[in-house]
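Engineer: Sharing a structure with you now.
All of the numbers you see were taken from the coordinates with simple rules; none came from a lab. Remember, it's a predicted structure, so these values are computed and weren't measured experimentally. Note: ideal-geometry Cβ built from the backbone for every residue, glycine included; neighbour counts use all protein chains shown.
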């Protein structure tokens, strides 16, 4: 029996609904996080999810993903050369408004367009979340950890790259943040300033957040490398050389609004050091939410789940 157009349309809708229901059975379908009645929003009061609905990680014709400003160039006094960053302006951007700002740090051997570009996973995720009211309007900055003259980069060993990456802790304060604040309508308040990164970028996010606690109120580190504080992991290699002797004591004014660490159970590198950071933070009484996520490795499939969790809570 031949179907007419109406029957075909109904069949297509039913098929789509069935696929949606099947997907929902096996994934977390988010709703906007809100403060409980009569209480301030507490990001620690909500568990994080690592089975987030796949719709959020795909491009959709109905969604405005904002504007990516690629290769924004600025002079770095620390590098002694020009550096670049990618900037994401949110959907509905208004140059007369002031926005919170999140700085995003790539991993080892990465560059400033890995997370924020026209087709990147973070641009897609953030646009979908904003479209659904799951996060707030903000400006995202994908920085470059490499902080030396650009002409020398290809000749550097991994140990020399690590040393160059460490300089970004100073450089973000002295050069990048002043450039962003002078050219884009971002707030300078710590409650409106976040840092997030993965792998080596996760280690640097911790270093930056704890070195500059008066400037960064929100910190996220996804499977952070060793080298933040002294550990016994990768002893004797450049990976283990610590930036800080310890996590510093914090005051009420410098305690993060939210400190989030996560690592997958199948991560081949950084399970032990991530959990060690958690234990040190706990002993020092520094509030944190650290997750060991079942089944995830050291890959983008994990980073995007982590960014969902952070974006759902940051700046609320």
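Engineer: So how do 290, 301 line up by other beta-carbon neighbours within 10 Å, fewest first?
Structural biologist: 301, 290
Engineer: Rounded to two decimal places and with Rh computed the Kirkwood way over Cα pairs, what is Rg over Rh for the stretch 33-189?
Structural biologist: 1.01
Engineer: Which residues does the label zone of residue 71 cover in the stretch 94-121, counting backbone N under 19 Å from a point 7 Å along Cα→Cβ?
Structural biologist: 110-120
Engineer: Using only helices, what value at 222 nm comes out for the chain when you add -39,500 (n - 2.57) per DSSP H run of length 4 or more and divide by the total residues, to the nearest 500 deg cm²/dmol?
Structural biologist: Helices in the chain give a 222 nm mean residue ellipticity of -9000 deg cm²/dmol.
Engineer: May I pose another question? Helix 121-131 versus the longest principal axis of the chain: what angle, 0 to 90°, nearest 10, using Cα atoms?
Structural biologist: Approximately 60 degrees, to the nearest 10.
Engineer: Moving on to the next point. Classify the stretch 193-316 from the C-alpha gyration tensor, please: rounded if a/c falls under 1.5, else prolate or oblate depending on whether a/b exceeds b/c.
Structural biologist: It comes out oblate by the Cα gyration axes.
Engineer: OK, next. Roughly what % of DSSP beta bridges within the chain run antiparallel, to the nearest 5?
Structural biologist: Among the beta bridges of the chain, antiparallel pairing accounts for roughly 30 percent.
Engineer: Can you give me the C-alpha center-to-center distance between the stretch 30-63 and the stretch 234-271, rounded to a whole angstrom?
Structural biologist: Distance between centres, Cα-based: 25 Å.
Engineer: Taking the Cα atoms of the stretch 32-119, what is the range of coordinates along each of the three principal axes, in descending order and whole Å?
Structural biologist: Largest first, the stretch 32-119 extends 51, 35, 33 Å along its Cα principal axes.
Engineer: Looking at the square roots a ≥ b ≥ c of the eigenvalues of the Cα gyration tensor of the stretch 258-312, which shape do they give, rounded for a/c under 1.5, prolate if a/b is larger than b/c, or oblate?
Structural biologist: It comes out oblate by the Cα gyration axes.
Engineer: Here's another thing I want to ask about it. So for the stretch 220-281, Kirkwood radius off the Cα pairs, Stokes-Einstein at 37 °C and 0.692 mPa s: how many µm² s⁻¹?
Structural biologist: 262 µm²/s
Engineer: I'd like the orientation of helix 271-283 relative to the chain: the angle between its Cα long axis and the longest Cα principal axis, in ° from 0 to 90, rounded to 10.
Structural biologist: 70 degrees
Engineer: Further question on the same structure: So how tilted is helix 200-211 from the main axis of the chain? Cα-based, degrees 0 to 90, rounded to 10.
Structural biologist: The angle comes out near 60 degrees.
Engineer: Which FRET efficiency value, to the nearest 0.05, do you get for residue 131 and residue 183 by plugging their Cβ-Cβ distance into 1/(1 + (r/R0)^6) with R0 = 41 Å?
Structural biologist: 0.95
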